[in-house]
Amino acid sequence: MPVSIFGCNSSEDAGAELKALGARRVLIVTDENLRQLGVLAKIESSLKENNLDFEVYDKLPTEPTVDFVVEGTRVFKESGCDMILAVGGGTPIDTAKAISVMATNKSSIERYAGANKIENPGIPVVAIPTTAGTGSEVTIFTIISDTRTDVKMLIASPYLMPRLAIVDPMLTIAMPKGITAAVGLDALTHAIEAYVSRKAQPMTDILALSAIRLLARNLPQAWADGNDIEARDNTMLASYQAGLAFGNSSVALVHGMSRPIGAYFHVAHGLSNATLLGQVMRFSLAGNPKRYAEIAAAMGEDVTGLTDMEAARTGADAVERIINQLEIPKLRDLGVDRKRFEEVMSQMIEAAIASGSPDNNPRVATKEEIAKIYNQAY
Ligand SMILES: [Fe+2]
């Protein structure tokens, strides 16, 4: 398990933790909106209290891209920093992880797409998530978009695991409703896919089921009342557990199909997952009814006397209820153009299959079945 600290206000110890890891000068990779929301203030003062110098790189787009990794790597090298502190959602954390290895490896980032291609360990990264969803703070993955080719590169390497994750639920209080919904459903997708994945393991099962249980009971409340600290705390814990789970058991069909939507139409990752999750679940139930029945029970559905398949369906219904409750639109309402969607459909299907994630699904989909699910999500 990666080294991590979980707890309300734990981010106020960031300075002491960085110092204990040997940092002298830190590059903070973050999102400029977080400063306006006041999220950075306490973290920066904890660095000052520990006499740590720091520089801030906060000019990031809404998704991690090759250009910003290149620019961030240049900033890192010129800054004289010896450690990276990533503060934010998936974009700052994934960008920081990529900068960390680009600072110590010679090739361009495109050469490292895929698994285990990075040659040298990176600069140590301490990750502080401010959204409850991506789990990137505890995974060996980073996803970087190449805007020239419309490809979302999945890069996997043990060198991408942050040295330390500091998971502080208090930082998510500032999250607006739309982001709470999108990232929360990303976390639910991680947990469900980790549990039904063909690579699921006993330890990831425990984490995934716990995350499903927590999200079913707390995500709608965290969304309805962002100031409910107990709901925020439980949602953040679930996101973190789901990250640990899928980091070891992989994701499946939803994520495989979701990345091309993000690459071609720049729909936020959590949202594109959420548009697919219900349909993919219904499609997949037959591949492993028992596991989906267990998901239904974990969500609090009464499955007494039901067959596995009947119970599995109640779980899919419960997931769809949460998706509707959190007001997730269809792809057509997210600015995805119908004509372009049809034009790139075959490329999206190829990219989904090539990612390898759909092979982990309990029921492996044909190209025609993937096309049908894309159309249903539209
Ligand atoms: Fe995800």
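The values are calculated or read from the model by the stated rules, or taken from the named source; none is laboratory data. Just so you know, these numbers come straight off a predicted model, no measurement behind them. We place every Cβ from the backbone using ideal geometry, glycine too, and count neighbours over all the protein chains shown.
Summary table below
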| item | result |
| --- | --- |
| Residue list for segment 76-94, filter: away from the ligand (no atom under 16 Å from the Cβ), in a helix (DSSP H, G or I) and touching a helix residue (DSSP H, G or I) at 6+ places or on another chain (Cβ under 8 Å) | 76 |
| Options 112, 195, 159: the member that is touching a residue at least 12 places away in the same chain (Cβ under 8 Å), surrounded by fewer than 24 Cβ atoms within 10 Å (Cβ to Cβ) and of a type in the set (Phe, Trp, Tyr) | 159 |
| Verdict on residue 133 being under 18 Å from the mean Cα position of the chain (by Cα), modelled with pLDDT under 95 and either within 16 Å of the ligand (Cβ to nearest atom) or assigned to a loop (DSSP other than H, G, I, E, B) (or both) | yes |
| Matching entry among 110, 63 (being assigned to a helix (DSSP H, G or I) and not aliphatic (A, V, I, L, M)) | 110 |
| Some residue of segment 168-178 being assigned to a helix (DSSP H, G or I) and within 16 Å of the ligand (Cβ to nearest atom) | no |
| Residue list for segment 211-255, filter: in contact (Cβ under 8 Å) with a residue 40 or more places away in the chain, under 23 Å from residue 284 (Cα atoms) and either more than 16 Å from the ligand (Cβ to nearest atom) or assigned by TED's automatic domain parsing to the domain that holds residue 158 (or both) | 213, 216 |
| Selection within segment 256-304 - part of a helix (DSSP H, G or I), over 17 Å from residue 376 (Cβ atoms) and within 13 Å of the ligand (Cβ to nearest atom) | 259, 262, 269, 270 |
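Residue by residue, here is whether (1) out of contact with any Lys or Arg (no Cβ under 6 Å at 6 or more places or on another chain); (2) in contact (Cβ under 8 Å) with a residue 24 or more places away in the chain; (3) surrounded by 18 or more Cβ atoms within 10 Å (Cβ to Cβ) holds:
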| residue | (1), (2), (3) |
| --- | --- |
| 3 | yes, yes, no |
| 8 | yes, yes, no |
| 12 | no, yes, no |
| 19 | yes, yes, yes |
| 24 | yes, yes, no |
| 29 | yes, yes, yes |
| 34 | yes, yes, yes |
| 54 | yes, yes, yes |
| 62 | yes, yes, no |
